[in-house]
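The values are calculated or read from the model by the stated rules, or taken from the named source; none is laboratory data. Please read all numbers here as calculations on a predicted model, not as lab measurements. Every residue, glycine among them, receives a Cβ derived from its backbone with ideal geometry; neighbour counts consider all protein chains shown.
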């Protein structure tokens, strides 16, 4: 197996490749560079933070590749330093000159005219000087709270003390301070970075002392803190403590400007107790993820990708009762090619429909001003029985989910804060409706979050159904989670941690047996990550038996393909395109039955052992055909696809000699064409006007 951390770094390297790719439009390249920086921030907070905790706890057990935590940190240090160098080479020598050619110019304090300098001086005096307060570091190394991943300016100041001739002061630059300050100039858009302005006038803070040197810096703190659920009397209160812990946790990375003097660098390393291997000298502005703002600027549309407007599929008419449409046929949506509006409309309709008795929903991540939360509040206020499982332990969304949970509770919603010892990651929404023939259950299953913002950026699957078997299972699943009971036997759904891995292993074993006896077999799966050792071993056995296995794994993949006598029948690709591949779809030939599933879970131990997840079978033939076409399109991509080699490296797939096929573009066009075709068919039907009889 490949090491998980190295595999993730390979993924980020593929994303960085899009920033380096000169065939991409300029501001799209800037966006991809910002994504790589954002990805690294989370990687250090969680993965490096977790390894540090293991070392602190003397948990030195090797991983599946027999690498100890110390060895993994050494590899991470080496590879991230190389990645940083590539990032700044791309930024300094490729993107910045091209941006300047297009009239987007970064100025330094040495570039500005006397008039511009005066304006910046006035800006500093009137705005920045009042907002930014210097923080003093005592001679014994005690210092005030330094914010995680917040930009700061460190200053070395000469003082009249023979024992301590220099002292260190810190200016916190983040928070409400804008990073990019527009400067009136001949260019279409000229700007100067706020840290350059503060550095130019930092002497104003110390009028009677000498600022010897200064440098921008930024620290990353360990965010791998977890609530001790077994002793938590109030989960919401304990999550608040975890958020507070993160503010003061150990520093796992120190980034400094390349201009930082050795003396100031040594002082910062001592202050934050960061080893040399995790100190990063940045040959350019720190925090490249801030360049999202440049990538998304208005007025530069010719340098940005043309939008792909989402469409509403012909199976759904938002002007017609959505429950009647679901009753006619199961409906599948492929976001963001298909709009997320039908999902919101489904819940909003349920909130006001007088025939709806109850709504049950899981929430993992929501948007800032969530229409989903609004609809649930409205439903409760309209007298519906509303129950929501909202996961307070969703990393980096804890604070938002706490606010959302409090708002729901105030409206009278029955709120469950997840399950003790597990994260509830399943995505489902159940509407119980009284109809003339009796109670009917309408269910939405998804592979992504109930977040309309990310639904425009991530590829995900939505399934609407009123299948009675799936309805019974969904209710049983929900009641087990909310009622702290042993789940009843599920006839069609499968949930983690109570059997999902075994179900997947059984499906793989069936294909293995079929191939061993010379019968038709095959496995195709689309995942975000493949890490689970048991599933990887089962896939190796299937490959040895002759099962053809095609995997589209966006990020971490610990499986080693194309190894003789082990995995020569396994092909692994990864698509890196304008949309984040996020959907989980699995297809098993199963003796010609073509069993297809969607899931909230990746094939990782955390998903299968420590999360509440759902594996959902797709029964409708039209929906199965749709998902199969999607999988085939993914595997045929030769424009933005990379194939995993047996060495662990990825090789970009070439379209040389074959018809170019860009899967995301194809699927978007397919969605648009289906709408046009439906409109043409509808317009071809002649409906005569007739006089109505009185």
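Numerical summary
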{"item": "Residue list for the stretch 410-440, filter: under 29 Å from residue 609 (Cβ atoms) and either part of a strand (DSSP E or B) or not assigned by TED's automatic domain parsing to the domain that holds residue 343 (or both)", "result": "414, 415, 416, 419, 422, 423, 424, 428, 429, 430"}
{"item": "Checklist (1) surrounded by fewer than 21 Cβ atoms within 10 Å (Cβ to Cβ); (2) over 21 Å from residue 598 (Cβ atoms); (3) in contact with a helix residue (DSSP H, G or I) (Cβ under 6 Å, 6 or more places away or on another chain) applied to residue 413, failing item", "result": "(1)"}
{"item": "Meets criteria (outside the structural domain of residue 226 (by TED's automatic domain parsing), touching a helix residue (DSSP H, G or I) at 6+ places or on another chain (Cβ under 6 Å), closer than 27 Å to residue 99 by Cβ and assigned to a helix (DSSP H, G or I)) for residue 77", "result": "no"}
{"item": "Whichever residue in the stretch 126-146 is in contact with a strand residue (DSSP E or B) (Cβ under 8 Å, 6 or more places away or on another chain) and modelled with pLDDT under 85 and, among such residues, is surrounded by the most Cβ atoms within 10 Å (Cβ to Cβ)", "result": "143"}
{"item": "Among residues of the stretch 32-71, those that are part of a helix (DSSP H, G or I) and touching a residue at least 12 places away in the same chain (Cβ under 8 Å), counted", "result": "26"}
{"item": "The stretch 154-210, residues that are part of a helix (DSSP H, G or I) and farther than 21 Å from residue 135 by Cα", "result": "none"}
{"item": "Some residue of the stretch 344-353 being modelled with pLDDT of 95 or more, assigned to a loop (DSSP other than H, G, I, E, B) and surrounded by fewer than 21 Cβ atoms within 10 Å (Cβ to Cβ)", "result": "yes"}
{"item": "Any hit, the stretch 417-434, residues being free of Cβ contacts under 8 Å to residues at least 60 places away in the same chain, closer than 20 Å to residue 243 by Cβ and in contact with a helix residue (DSSP H, G or I) (Cβ under 8 Å, 6 or more places away or on another chain)", "result": "no"}
{"item": "Selected residue [in contact (Cβ under 8 Å) with a residue 60 or more places away in the chain, under 21 Å from the mean Cα position of the chain (by Cα) and in a helix (DSSP H, G or I)] from 373, 402", "result": "402"}
{"item": "Residue match in the stretch 509-523 (condition: under 27 Å from the mean Cα position of the chain (by Cα) and either at pLDDT 95 or above or not assigned by TED's automatic domain parsing to the domain that holds residue 589 (or both))", "result": "yes"}
{"item": "Residue 397 farther than 27 Å from residue 528 by Cα and surrounded by fewer than 22 Cβ atoms within 10 Å (Cβ to Cβ)", "result": "no"}
{"item": "Flag for residue 23 being in contact (Cβ under 8 Å) with a residue 40 or more places away in the chain and either buried (at least 17 other Cβ atoms within 10 Å of the Cβ) or not assigned by TED's automatic domain parsing to the domain that holds residue 554 (or both)", "result": "no"}
{"item": "Residue that is in contact with a strand residue (DSSP E or B) (Cβ under 9 Å, 6 or more places away or on another chain) and either at pLDDT below 95 or farther than 27 Å from residue 18 by Cα (or both), where the choices are 683, 694, 641, 622", "result": "622"}
{"item": "Checking residue 123 against (1) farther than 20 Å from residue 302 by Cα; (2) surrounded by fewer than 16 Cβ atoms within 10 Å (Cβ to Cβ); (3) in contact with a strand residue (DSSP E or B) (Cβ under 8 Å, 6 or more places away or on another chain), the condition it does not meet", "result": "(2)"}
{"item": "Any hit, the stretch 147-168, residues being surrounded by fewer than 17 Cβ atoms within 10 Å (Cβ to Cβ), closer than 30 Å to residue 394 by Cα and touching a residue at least 40 places away in the same chain (Cβ under 8 Å)", "result": "yes"}
{"item": "Leading residue by the ranking (modelled with the highest pLDDT) among those in the stretch 245-269 that are under 20 Å from residue 41 (Cβ atoms) and surrounded by fewer than 17 Cβ atoms within 10 Å (Cβ to Cβ)", "result": "258"}
{"item": "Candidates 216, 185, 200, 190, filtered to the one that is surrounded by 16 or more Cβ atoms within 10 Å (Cβ to Cβ), in contact (Cβ under 8 Å) with a residue 24 or more places away in the chain and within 29 Å of the chain's Cα centre (by Cα)", "result": "216"}
{"item": "Qualifying residue in the stretch 2-25 (condition: under 30 Å from residue 200 (Cβ atoms) and within 23 Å of the chain's Cα centre (by Cα))", "result": "yes"}
{"item": "Breaking point among (1) buried (at least 17 other Cβ atoms within 10 Å of the Cβ); (2) in contact with a strand residue (DSSP E or B) (Cβ under 7 Å, 6 or more places away or on another chain); (3) at pLDDT 95 or above, for residue 303", "result": "(2)"}
{"item": "Out of 503, 578, sole residue that is surrounded by fewer than 22 Cβ atoms within 10 Å (Cβ to Cβ) and closer than 26 Å to residue 640 by Cα", "result": "578"}
{"item": "Residue among 232, 223 that alone is outside the structural domain of residue 32 (by TED's automatic domain parsing), surrounded by 20 or more Cβ atoms within 10 Å (Cβ to Cβ) and at pLDDT below 95", "result": "223"}
{"item": "Residue 140 more than 23 Å from residue 273 (Cβ to Cβ), without any contact (Cβ under 8 Å) to a residue 24 or more places away in the chain and in a loop (DSSP other than H, G, I, E, B)", "result": "no"}
{"item": "Criterion (under 23 Å from residue 482 (Cα atoms) and in contact (Cβ under 8 Å) with a residue 24 or more places away in the chain) met by exactly one of 350, 310", "result": "350"}
{"item": "Filtered residues of the stretch 376-399 (kept if under 19 Å from residue 427 (Cβ atoms) and touching a residue at least 40 places away in the same chain (Cβ under 8 Å))", "result": "387, 389, 392, 393, 395, 396, 398"}
{"item": "Some residue of the stretch 89-105 being within 24 Å of the chain's Cα centre (by Cα) and under 30 Å from residue 306 (Cβ atoms)", "result": "yes"}
